[in-house]
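Have a look at this one.
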Amino acid sequence: MPFNALGDLYKTEVVKRLQDMGFDVKNVHALNLILEAMGLLKHFGNNWLTTDKGVKYTIFRGPVFDAAAWHPSIVDAVADFLRNKK
């Protein structure tokens, strides 16, 4: 179920959509590692910090720890990254 009326997604929903597209993204941690490789997240202590590059995919106006809501366009961005990685 989308995070809000704008259709933003929780990371678990992003994982599910990627799995439905045939990608082997096992869980949110695996997604976090992919987002880190894309430069959208940075591991910071026990949290994940959204980078300036990643902010455009969230509901926030600046970097935040453990962003909860992600625009649906993140699914296509991750899918393109995974396709080009092979």
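Starting from the amide H of T58, placed 1.01 Å from N in the peptide plane, find each other amide H under 5 Å away whose residue is 5 or more places distant or on another chain.
H71
Output ³J(HN,Hα) for region 51-64: one whole-Hz value per residue in order, computed from phi by the Karplus curve 6.51 cos²θ - 1.76 cosθ + 1.60 with θ = phi - 60°, and x for Gly and Pro.
Going residue by residue, I get 7, 4, 5, x, 4, 4, 9, 10, 8, 9, 9, x, x, 9 Hz, with x marking Gly and Pro.
What is the ratio of the Cα radius of gyration of the chain to 2.2 N^0.38 Å, where N is its residue count, to two decimals?
Values: Rg = 11.9 Å, N = 86, 2.2 N^0.38 = 12.0 Å.
Computed over Cα atoms of the chain, the ratio equals 1.00.
Right, here's the next one. Search the structure for amide H atoms under 5 Å from the amide H of W48, placed 1.01 Å from N in the peptide plane, and list their residues when 5 or more places away or on another chain.
For W48, whose amide H was placed from the backbone, the distant partners under 5 Å are D66.
Name the aspartates and glutamates eligible as straight-distance cross-link partners of K16: C-alpha to C-alpha under 17 Å, and not fewer than 8 places from it in the same chain.
D8, D24, D76, D80
Quick note: the coordinates plus some simple rules give every number you see, no bench work behind them. Predicted model only: the values in this text are computed from it and were never measured.
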